[in-house]
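Trainee: Got a structure for you, written out below as structure tokens; questions coming shortly.
The values are calculated or read from the model by the stated rules, or taken from the named source; none is laboratory data. Bear in mind that the values here come from a model prediction, so they are computed numbers and not experimental data. Glycine also receives a Cβ, built like all others from the backbone with ideal geometry; neighbour counts cover every protein chain displayed.
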Amino acid sequence: MLSLMSQSDYLSDEVFGLEQERLFGRLWIFAALKQLLARPDSFATRTIGGVPLLLQNCGGVIRAFENQCLHRQMPLQWEDYGERPLVCRYHGWAYDDQGAPRHIPGRDEIYRYDEAEAGSLRLRQFAVECVGNLVFVNLDENPMPISGQFSAGLLERLAAVSGAFDNEVIHSRIAAKYNWKLNFENVLDGNHVRYLHPRTFMPFMQPGNGKEAALPSIDPGEIDKCRLQDLSYESRAVFKVAKRPWHDNVERFGTEDVYYNFFLYPNVNFISVAGNIFLIQQFNPLAPAKTEIGFSLMTARKRRRIPASAALLWAHLCGEKAVLDEDIIALEALQAGLHPGGQAARHGVYEKQLMMNHAIYRRMLGAEGT
Ligand code: FES
Ligand SMILES: [Fe+2]
């Protein structure tokens with residue numbers, strides 16, 4: 001079946017601009033981990049849809065503001081995660097919980113704003129939804145309910161699984177030279193694992209774990225009728241889980257030796273190996289052929305200290321990175337060969353999820369709403 005996507009969709013600046021506005025400007029996008037925003041003045045920064053964002057614990061409530069000082073656009077917070085009051089480093093403006101300046105040093109002497117101008121100063125604020133420990137932001141002035149994007153059953157599962165996260169997190173990000181959609185499509189495509197990861201990932205997969213057995217059927221018109229909620233879902237694969245001593249030191253989520261995958265449209269792949277360890281991978285668009293891949297990795301909540309837990313997290317991150325590097329090499333090669341006159345992809349039945357992604361993508365980019 002001929003793909004709805006053209007090669008230009010992965011190359012064009014114009015398409016990239018439309019995605020930023022109509023996907024990333026309208027959808028709920030994963031933005032931060034709530035357990036890292038629990039302390040007063042703790043914060044996280046992100047860029048979504050080209051907008052620099054700040055999530056700040058304001059008196060116990062997590063708020064999302066544009067991360068730009070109203071004076072001269074200096075970012076109010078600089079690090080990915082941290083703990084610091086909402087005060088600009090450039091000229092010392094301090095903000096209140098609603099994003100209005102509460103103190104402007106020298107306001108009457110050197111700024112001399114009149115009352116009307118001073119009263120109008122307020123940071124742009126965006127909608128926030130917390131699902132367990134996952135914090136989502138929506139840039140839209142009239143955001144759709146998050147239940148319009150993720151089904152009630154999935155939201156419940158996400159809240160339960162992420163509720164098991166430990167507070168010690170390793171967070172990192174790297175850049176890759178391909179379009180962000182290629183990476184989300186790649187994680188939806190379980191068929192590539194045996195070819196690209198024969199030694200790193202494939203040995204842990206149990207044969208006949210259902211990925212190849214349960215081939216979807218496609219009824220006529222079904223792809224056209226799919227809904228936004230159909231793009232985000234949970235899958236499980238039976239996995240060879242080696243028992244490690246540290247497993248006894250955490251409150252594992254569930255009891256099954258499975259590899260959980262939560263695909264969260266448009267750009268998150270959330271994994272758990274047997275409920276002991278969790279990884280959130282996010283594919284953030286930087287340019288048509290440039291993606292930033294973010295990682296947050298943590299164990300299940302510790303019930304007692306794990307000696308050298310930082311080294312444990314680092315070792316797991318390196319293992320995940322080794323698998324990802326195999327994808328990056330392949331996807332960068334794929335991207336490098338794309339050209340506007342090239343042929344569209346040919347999907348098989350097993351790629352139903354990709355076809356549904358593309359149908360919704362076309363709808364969202366081409367028309368109002370979904
Ligand atoms: S830019 Fe923030 S106080 Fe001047
Ligand atoms: Fe892969």
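Trainee: In the range 103-120, which residue that is charged (D, E, K, R) and in a loop (DSSP other than H, G, I, E, B) is surrounded by the fewest Cβ atoms within 10 Å (Cβ to Cβ)?
Mentor: Keep residues of the range 103-120 that are charged (D, E, K, R), which gives 107-109, 112, 114-115, 117.
Next, only the ones that are in a loop (DSSP other than H, G, I, E, B) stay: 112, 114.
On the way: 112: 10, 114: 7.
Residue satisfying both the conditions and the ranking: 114.
Trainee: From 231, 279, grab the single residue that is in contact with a helix residue (DSSP H, G or I) (Cβ under 7 Å, 6 or more places away or on another chain) and either surrounded by fewer than 21 Cβ atoms within 10 Å (Cβ to Cβ) or outside the structural domain of residue 362 (by TED's automatic domain parsing) (or both).
Mentor: After applying the criteria, what remains is 279.
This table checks each residue for (1) more than 15 Å from ligand 1 (Cβ to nearest atom); (2) in contact with a strand residue (DSSP E or B) (Cβ under 8 Å, 6 or more places away or on another chain); (3) assigned by TED's automatic domain parsing to the domain that holds residue 296; (4) in contact (Cβ under 8 Å) with a residue 60 or more places away in the chain.
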{"position": "64", "(1), (2), (3), (4)": "yes, yes, no, yes"}
{"position": "84", "(1), (2), (3), (4)": "no, yes, no, no"}
{"position": "90", "(1), (2), (3), (4)": "no, no, no, no"}
{"position": "98", "(1), (2), (3), (4)": "yes, yes, no, no"}
{"position": "120", "(1), (2), (3), (4)": "yes, no, no, no"}
{"position": "136", "(1), (2), (3), (4)": "yes, yes, no, yes"}
{"position": "149", "(1), (2), (3), (4)": "yes, no, no, yes"}
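The rows are residues; the columns are (1) farther than 18 Å from residue 29 by Cα; (2) over 15 Å from the mean Cα position of the chain (by Cα).
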{"position": "129", "(1), (2)": "no, no"}
{"position": "133", "(1), (2)": "no, no"}
{"position": "148", "(1), (2)": "no, yes"}
{"position": "160", "(1), (2)": "yes, yes"}
{"position": "175", "(1), (2)": "yes, no"}
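Trainee: Could you please give the count of residues in the range 152-178 that are under 30 Å from residue 8 (Cα atoms) and either within 16 Å of ligand 2 (Cβ to nearest atom) or without any contact (Cβ under 8 Å) to a residue 24 or more places away in the chain (or both)?
Mentor: Residues that pass the stated criteria total 3.
Trainee: Go through the range 134-157 and give me each residue that's crowded, with 16+ Cβ neighbours inside 10 Å and under 23 Å from residue 54 (Cα atoms).
Mentor: Residues satisfying the conditions are 134, 135, 136, 137, 138, 139, 143, 144, 146, 149.
Trainee: Sticking with this structure for a sec: Restricting attention to the range 179-200, and to residues there that are over 22 Å from the mean Cα position of the chain (by Cα) and in a loop (DSSP other than H, G, I, E, B), which single residue is nearest to residue 14 (Cα to Cα)?
Mentor: 197
Trainee: Just one of 154, 123 is assigned to a helix (DSSP H, G or I) and not small (Gly, Ala, Ser); which is it?
Mentor: Going through 154, 123 in turn, just one is assigned to a helix (DSSP H, G or I) and not small (Gly, Ala, Ser): 154.
Trainee: Quick one: would you say residue 26 is basic (Lys, Arg), in contact (Cβ under 8 Å) with a residue 12 or more places away in the chain and touching an Asp or Glu at 6+ places or on another chain (Cβ under 8 Å)?
Mentor: Values: basic (Lys, Arg): yes; in contact (Cβ under 8 Å) with a residue 12 or more places away in the chain: yes; touching an Asp or Glu at 6+ places or on another chain (Cβ under 8 Å): yes.
For residue 26, the condition - basic (Lys, Arg), in contact (Cβ under 8 Å) with a residue 12 or more places away in the chain and touching an Asp or Glu at 6+ places or on another chain (Cβ under 8 Å) - is met.
Trainee: Further question: How do the strands (runs of 3 or more DSSP E) wholly within the range 223-285 filter down when requiring 2 or more residues that are over 22 Å from residue 170 (Cα atoms) and under 20 Å from the mean Cα position of the chain (by Cα): which remain?
Mentor: By residue number, 233-238.
Trainee: Return the pairs, sorted by first residue and then second, in which the second residue is assigned to a helix (DSSP H, G or I) and more than 7 Å from ligand 2 (Cβ to nearest atom), the first residue lies in the range 322-336 and is assigned by TED's automatic domain parsing to the domain that holds residue 189, the beta carbons are less than 7 Å apart, and the residues are 6+ apart or on different chains.
Mentor: 331/182; 331/183; 334/182; 335/10; 335/182
Trainee: Test residue 97 against the criterion of being farther than 25 Å from residue 287 by Cβ and not in a loop (DSSP other than H, G, I, E, B), and give yes or no.
Mentor: Working: farther than 25 Å from residue 287 by Cβ: yes; not in a loop (DSSP other than H, G, I, E, B): no.
Considered against the rule, which asks whether it is farther than 25 Å from residue 287 by Cβ and not in a loop (DSSP other than H, G, I, E, B), residue 97 comes out as no.
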